[in-house]
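To start, the structure under review is shown below, and the notes come after it.
The values are calculated or read from the model by the stated rules, or taken from the named source; none is laboratory data. This structure is a prediction, so every number in the text was calculated from the model and none was measured. FYI the Cβ positions are ideal-geometry reconstructions off the backbone, even for glycines, and counts take in every protein chain you see. Surface areas here come from the heavy atoms of the whole protein model, side chains and all, with no ligands, DNA or RNA. Shrake-Rupley method; radii C 1.70, N 1.55, O 1.52, S 1.80 Å.
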Amino acid sequence: MRSSLLNFLFFTFIAAVAAVNERVLAIFDHEHADYESLLDSLRERDFDVTVKDVKAPDSSLFEFGERKYDDLLLFSARNKGLGASFSPKALIEFVEDGGNILLAAGTNVPEGLREFGRQLGIFVAERGNALVDHFASVGSEDHQLVALDEFSSSKYIVSDETRNAGAVLYKGSGHALGENPLVEPVLRAKTTSYLYNQKSESESSAHPWAAGSQLFVVSSLQTLNGSRVAFSSSLDIFKNEYLSPSSESYNAANALFARDLTNWVFQRSGRLVLENMTYGLISESVEERNGPVYRIKDEMEFTADMSVYENGVRKPYIASDVQMELVMLDPYYRLNFEPVESDLKDAQRYSVKLVAPDHYGVFSYKVRYSRPGLTNIDEKQTFTLRQFHHNEYPRFLPHAYPYYTSAFIVFVGFVMFAGAWLFFKPAAPSVKKQQ
């Protein structure tokens with residue numbers, strides 16, 4: 001009875017730990033009431049949202065060297081420092097420790113966020129620059145409210161539902177991107193857009209800070225350890241004005257775009273999971289596989305299960321470009337996985353069969369997969385290939401038949417020569433008698 005009670009308490013505790021929602025720290029340096037629709041949307045998706053002012057004494061990201069939160073939502077509208085808790089160094093440490101960040105700022109970006117962006121390869125426009133488009137503007141005399149629909153090509157960052165909902169209403173600044181291959185544009189400005197600074201009107205019109213294809217408004221980055229960062233050059237895109245259904249300016253595309261972006265940044269979409277990497281003889285059962293040693297020229301099978309999260313739901317990941325490698329310094333095999341049937345409902349099983357290389361040593365079974373908007377996969381398992389044992393070779397090797405034949409001919413020739421020498425006596429020479 002006591003044992004059953006302990007087991008019940010143990011599994012109850014495990015279930016409670018597993019059910020803990022993802023912790024999001026929402027930091028504002030201005031009034032956050034304008035973003036309640038966004039915050040409510042996060043809570044409806046089971047995020048544990050904590051809202052604090054940037055100057056709050058307990059608004060730190062770490063405590064005793066450990067992350068206090070899984071994700072950070074940082075919105076800044078003032079041209080002031082954000083303090084040591086949100087310095088570029090602190091933000092980088094948060095990302096390196098596995099945290100995810102969604103940054104948004106308007107035309108006045110604090111220098112700390114500028115420096116953080118520069119380290120990622122995102123170069124924020126100068127202060128006071130606003131995006132203007134005289135051809136794509138919507139109902140504004142200053143042409144700063146723009147309809148944009150040039151989204152990322154990845155369906156995991158921007159869903160098909162959002163693309164079909166129309167253009168996103170955008171008002172803010174912009175940024176340029178460097179040569180960092182990990183940075184992915186999420187929302188681009190149109191070719192007719194440019195950055196306009198009212199303080200230097202004539203100069204900005206003749207020589208804008210950025211324009212056309214050089215101008216981006218929302219960009220994302222996924223680090224090699226799987227952490228994600230998104231930077232938006234607009235605060236208005238997340239305001240209740242466009243996200244709340246009760247607002248006269250409500251735009252469904254804005255609400256869906258905010259949902260997709262937060263899902264992706266906070267690992268609810270586009271997160272690949274690779275599990276159950278197995279290798280072994282084709283004749284072996286699954287339980288017997290992943291042994292330490294196999295033999296050269298064995299017929300082997302390699303399998304792996306892949307799944308992906310979409311809007312928080314785990315689904316099988318089906319693709320035709322997933323590859324495996326069998327490597328010892330250099331790849332001996334690089335083959336495409338083939339999807340196979342299995343009893344898995346939330347994952348797709350991949351398999352490939354091959355003959356082990358005719359080379360003994362320590363080999364690595366690797367799966368590397370990198371696609372825009374998806375988590376980078378880089379997993380490996382190691383095993384040894386050995387030579388044939390002396391009693392495992394066939395008695396006669398077909399390619400050695402010429403040697404067998406020559407040895408037999410030499411033996412037969414020797415026997416014939418020895419027999420002739422021993423058993424055939426030469427005739428005595430004839431001798432003439434003397435008279």
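Those residues that are under 20 Å from residue 283 (Cα atoms), modelled with pLDDT under 95 and of a type in the set (Ser, Thr, Tyr), I need them from segment 298-354; list them, please.
342
Quick one: would you say residue 219 is of a type outside the set (Asp, Glu), assigned to a loop (DSSP other than H, G, I, E, B) and open to solvent by less than 10 Å² (accessible area, probe 1.4 Å)?
no
Going by the structure shown, is residue 400 at pLDDT below 90 and either out of contact with any helix residue (DSSP H, G or I) (no Cβ under 7 Å at 6 or more places or on another chain) or in a strand (DSSP E or B) (or both)?
Judged against the criteria, residue 400 is a match.
Look at residue 253 and say whether it is in contact with a helix residue (DSSP H, G or I) (Cβ under 9 Å, 6 or more places away or on another chain), among the aliphatic types (A, V, I, L, M) and either part of a helix (DSSP H, G or I) or open to solvent by 20 Å² or more (accessible area, probe 1.4 Å) (or both).
Against the criterion (in contact with a helix residue (DSSP H, G or I) (Cβ under 9 Å, 6 or more places away or on another chain), among the aliphatic types (A, V, I, L, M) and either part of a helix (DSSP H, G or I) or open to solvent by 20 Å² or more (accessible area, probe 1.4 Å) (or both)), residue 253 qualifies.
Looking only at segment 264-298, how many residues end up being in contact (Cβ under 8 Å) with a residue 24 or more places away in the chain and acidic (Asp, Glu)?
Counting residues in segment 264-298 that are in contact (Cβ under 8 Å) with a residue 24 or more places away in the chain and acidic (Asp, Glu) gives 2.
Quickly run through segment 77-97 and pick out the residues that are in contact (Cβ under 8 Å) with a residue 60 or more places away in the chain, outside any loop (DSSP other than H, G, I, E, B) and within 30 Å of residue 128 (Cβ to Cβ).
95
Please verify whether segment 62-73 includes one or more residues that are out of contact with any Ser or Thr (no Cβ under 9 Å at 6 or more places or on another chain), without any contact (Cβ under 8 Å) to a residue 12 or more places away in the chain and part of a strand (DSSP E or B).
yes
Take residue 145 and tell me if it is over 28 Å from the mean Cα position of the chain (by Cα) and either at positive phi or modelled with pLDDT of 90 or more (or both).
yes
Are there any strands (runs of 3 or more DSSP E) wholly within segment 302-381 with 1 or more residues that are within 19 Å of residue 157 (Cβ to Cβ), in contact with a strand residue (DSSP E or B) (Cβ under 9 Å, 6 or more places away or on another chain) and open to solvent by less than 20 Å² (accessible area, probe 1.4 Å), and if so which?
It comes to 361-369.
Which is within 20 Å of residue 237 (Cα to Cα) and not aromatic (Phe, Trp, Tyr), of 40, 48, 53?
40
Give me the pairs, please: first residue somewhere in segment 299-325 and in contact (Cβ under 8 Å) with a residue 24 or more places away in the chain, second residue anywhere and loosely packed, with under 15 Cβ neighbours inside 10 Å and in a loop (DSSP other than H, G, I, E, B), beta-carbon distance under 6 Å, and either six or more positions apart or on two chains.
299/282; 301/282; 307/346; 314/346
Among the residues of segment 135-191, what is the count of those that are part of a strand (DSSP E or B) and either among the small types (Gly, Ala, Ser) or closer than 19 Å to residue 121 by Cβ (or both)?
11
For residues that are more than 25 Å from residue 96 (Cα to Cα) and open to solvent by 30 Å² or more (accessible area, probe 1.4 Å), tally how many sit in segment 38-72.
Number satisfying all stated conditions: 5.
Is it true that residue 148 is closer than 14 Å to residue 210 by Cα, open to solvent by less than 20 Å² (accessible area, probe 1.4 Å) and not assigned by the TED database to the domain that holds residue 375?
So residue 148 fails the test.
For segment 112-125, indicate whether the set of residues that are part of a loop (DSSP other than H, G, I, E, B), under 23 Å from residue 38 (Cβ atoms) and assigned by the TED database to the domain that holds residue 233 is non-empty.
Within segment 112-125 (the criterion being part of a loop (DSSP other than H, G, I, E, B), under 23 Å from residue 38 (Cβ atoms) and assigned by the TED database to the domain that holds residue 233), the answer is no, since none of the residues qualifies.
State the number of residues belonging to segment 93-114 that are surrounded by fewer than 16 Cβ atoms within 10 Å (Cβ to Cβ) and within 24 Å of residue 226 (Cα to Cα).
4
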